Amino acid sequence: MTREEKGQIIDELAEKFSQNNHFYITDASGLTVAQVNALRKLCFHAGVEYVVYKNTLIRKALEKQKANYEDVFKTLKGFSGVMFSKESGNAPAKVIKEYRKKLEGKPGLKAASIQSSLYIGEEHLNTLSELKSKNELLGEIISLLQSPAKNVLSALLSGKQTVAGLVKALEERKN
């Protein structure tokens with residue numbers, strides 16, 4: 001690979017890092033080509049892009065970003081793949097966990113960046129998979145905001161006969 005080709009790959013990868021709010025760096029050591037292709041297929045169905053790059057190319061692309069990725073650089077050893085997700089920060093973690101059901105322990109999680117927050121190490125996988133997406137959080141907030149209004153409306157509607165009877169009784173008492 002020529003220097004120009006490497007430079008072009010680094011620029012493309014740096015662009016992907018800047019366009020995607022969420023990315024995971026995985027350890028796919030020991031996976032066969034068929035297993036990597038199966039992982040890519042699973043990623044595709046989840047809306048996640050999975051690409052394998054040399055560690056030096058990943059490092060140079062991350063160095064072009066504004067954020068500090070020093071802790072991520074320490075994890076760039078062995079066979080590294082990068083998972084990109086534009087919409088959901090937990091989608092790559094869910095894909096990894098689902099794929100692990102088929103193949104025990106692989107791929108491993110080296111690092112993840114969710115909205116510029118870094119998670120280094122395998123121990124964060126469960127936490128990352130349980131994160132809620134922006135749309136899920138908005139849905140919960142909307143339902144919480146609607147619930148008091150729904151309670152008041154249902155109370156008024158269920159007691160409509162009672163309230164009407166009470167008003168009528170008070171009106172008759174007045175006369």
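No value in this document is a laboratory result; all are computed from the given coordinates. Not measured: the values here are computed from a predicted model. Cβ: placed from backbone, ideal geometry, glycine included. Neighbour counts: every protein chain shown.
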What number goes with the only condition from (1) outside any strand (DSSP E or B); (2) closer than 18 Å to SER80 by Cβ; (3) of a type in the set (Gly, Ala, Ser) that SER147 does not pass? (2)
Within the range 56-84, how many residues are part of a helix (DSSP H, G or I) and surrounded by fewer than 16 Cβ atoms within 10 Å (Cβ to Cβ)? 5
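So if I check each of GLN19, GLN8, GLN35, which one is surrounded by fewer than 19 Cβ atoms within 10 Å (Cβ to Cβ), free of Cβ contacts under 8 Å to residues at least 60 places away in the same chain and more than 14 Å from the chain's Cα centre (by Cα)?
One residue alone meets the criteria, GLN8.
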Residues of the range 37-55 classified as touching a strand residue (DSSP E or B) at 6+ places or on another chain (Cβ under 7 Å) and part of a helix (DSSP H, G or I), total: 4
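Could you say whether any residue in the range 51-59 is touching a Lys or Arg at 6+ places or on another chain (Cβ under 6 Å) and within 19 Å of LEU103 (Cα to Cα)?
Start the filter on the range 51-59 by keeping residues that are touching a Lys or Arg at 6+ places or on another chain (Cβ under 6 Å), which leaves none.
No, the conditions are met nowhere in the range 51-59.
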Can you give me the number of residues within the range 22-32 that are of a type outside the set (A, V, I, L, M, F, W, C), outside any loop (DSSP other than H, G, I, E, B) and either within 25 Å of GLU104 (Cβ to Cβ) or without any contact (Cβ under 8 Å) to a residue 24 or more places away in the chain (or both)? 3
